[in-house]
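These notes concern the structure reproduced below.
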Amino acid sequence: MQELLEKIEKRRTFAIISHPDAGKTTLTEKLLLYGGAIHLAGTVKARKSNRHAVSDWMEIEKQRGISVTSSVLQFDYDGYRVNILDTPGHQDFSEDTYRTLMAADSAVMLIDCAKGVEPQTKKLFWVCHRRQLPVFTFVNKLDRYGRDPFDLMDEIEQVLGIRAYPINWPIGIDGNYIGVYDRVKKQIELFENDSSHGSKILKSTTGSLDDPEIINAIGEDLYHKLCDDIELLDMAGDEFDMAKVNSGELTPMFFGSAMTNFGVRSFLEKFLELSPMPQPRILQNGDLLSPDNELFSAFVFKIQANMNPAHRDRIAFMRICSGVFKKGMTVYHMQGGKPVKLAQPQQFLAQERTIVEEAYPGDIIGIFDPGIFGIGDSLSDEKLKIQFEDFPVFPPEIFARVQPKDSLKRKQFEKGIVQLAQEGAIQVFRQKDLGIESFIVGVVGSLQLEVLEYRLLNEYSAQLLMNQLGYSVARWVYAENEKDIENLKGLDNGMLVYDKKDRPVILVNNEWALNWILDRNPNLQFLTVPSDVAKI
């Protein structure tokens, strides 16, 4: 028990959230660089370098310099075991991001110092806020021209409704920053310029605020500006309160540049000290399960097929919530209703895998999936047999009819569609009277359709014929008598389809068309999410 508690206390599991292009994948890389997991960081916008980011493993991600899947990365730093959940920044993949946040204990919110709080950041912040996740803010791109730090603080407070407490403060003016002042240690850290473009650990010099050498290096004007800023923060700013951080009312704020490694190490060290260890998890019945419960439990939050194109495998990523995972153990699969042996447990640095002998609460492991797991599934010791709270389900907003270009490739096409649906990348619907020649797929964003086409071709050798449909609203239909659904009135400009669990769904052009149908079918219920939301 004592050993389990010690392991839990040293675990940190967090997700990085931001608007596209705020530098999320770059920050992930630099944390790995400081953690010793990689020795040379590849830049996403590869400048003077043809290396790609370690966490972007899919070919399409490397080509475009964007993340479209969530990566799970792990490293050790200063006695801590760190699990980073790198999420897709692109808004078309927000569903994957929401699910990933279910597996995190805290979040790092990345903000571009020139652009401030952007729409996607706002959306993701509210998900963290609803889940009462502590949020730590990293203001990025300090190597470029940016807005005044006081303006950014004010914007976070006005737009997101959360108070900000700067842990450090940038020294410099308008994108020409030479260091940071640590308000907790009351010391200055000055960074040396180097020519490695951030691929190596940045050297720095530290000293106190009244150190003559430091004052000389900063220059008189910047020194006086820094002293004025610190005085203003101390007098007018919030007090630091850990209880408010943990309840999501106060965000510790850090300044730096992931691209040049400016302020990254001091952020990592302070974040590991302040962020929460693995937290209790909510069960379906509303009870809490503590991580120090000695019986094993975990839930699946992501399924990824074909991470290794040579082996065409499927990996179910699970977050361990309590007890100790041991390689080869048999656990009870709640949704399958039977015991399963967890085979080939792995931990990841993108495509680099290591076999896991043991893992503890907060750790993320990948398990070989023979096709039995779904997103949100609960696994536990047979003595526990528990089910964790449901994952959020998102009604798709873009629909397309897809079929194989070559009918000889029908088998590969079907296999690909089924596997991508199990991953949660798409939702699949069919029409009752059309056999199985074509499927209707629903997605939240249009880029997901491009990824679907790309992956079917590259991973399953199946070329697609895709015809985008004009529908943008989906509602699951429920009736006491099934015949009432077949006699549904007013669906002239819509479509009745069935999801993978054979539940009826209507697709219509817009909210007006939906209201027209609601008025004509008072005996039916139209639901935004399916009534038995067990899986996505």
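Placing R0 at 30 angstrom, the Cβ-Cβ distance between K501 and E6 gives a FRET efficiency of 0.10 after rounding to 0.05. Seen from G328, the other residues with C-beta closer than 10 Å to its C-beta sum to a net charge of +2, counting Lys and Arg as +1 and Asp and Glu as -1. With 22 Å as the limit, the listed pairs K115/K302; K326/K383; K115/K185 have K115/K302; K115/K185 beyond it between alpha carbons. Taking N as the residue count of the range 387-536, its C-alpha radius of gyration divided by 2.2 N^0.38 Å amounts to 1.07. Summing charges over neighbours of G416, with a neighbour being any other residue whose Cβ is under 10 Å away from its Cβ, gives +2 when K and R count +1 and D and E count -1. Straight-line reach from K405: taking Cα to Cα under 26 Å and skipping same-chain neighbours fewer than 8 places apart, the lysines in range are K415, K432, K500. Using R0 = 25 Å, the C-beta based FRET efficiency linking Q468 and L408 works out to 0.50.
Modelled this way, with points 7 Å down the Cα-to-C-beta line, the labels at E273 and Q431 are 6.4 nm from one another. On full extension, the segment bounded by T330 and A236 gains 28.2 nm, given 0.36 nm per residue less the C-alpha separation. With Cα atoms defining each centre, the range 127-146 and the range 214-253 are spaced 17 Å apart in the structure. Extending 7 Å from the Cα toward the beta-carbon at both L527 and K385 defines two label points whose distance is 2.5 nm. Once R0 is set to 56 Å, what does the formula 1/(1 + (r/R0)^6) return for the Cβ-Cβ distance between D228 and E480, expressed as a FRET efficiency to the nearest 0.05? It comes to 0.20.
Each reported figure results from applying straightforward, stated rules to the coordinates on display, with no laboratory input. Remember, it's a predicted structure, so these values are computed and weren't measured experimentally. We place every Cβ from the backbone using ideal geometry, glycine too, and count neighbours over all the protein chains shown.
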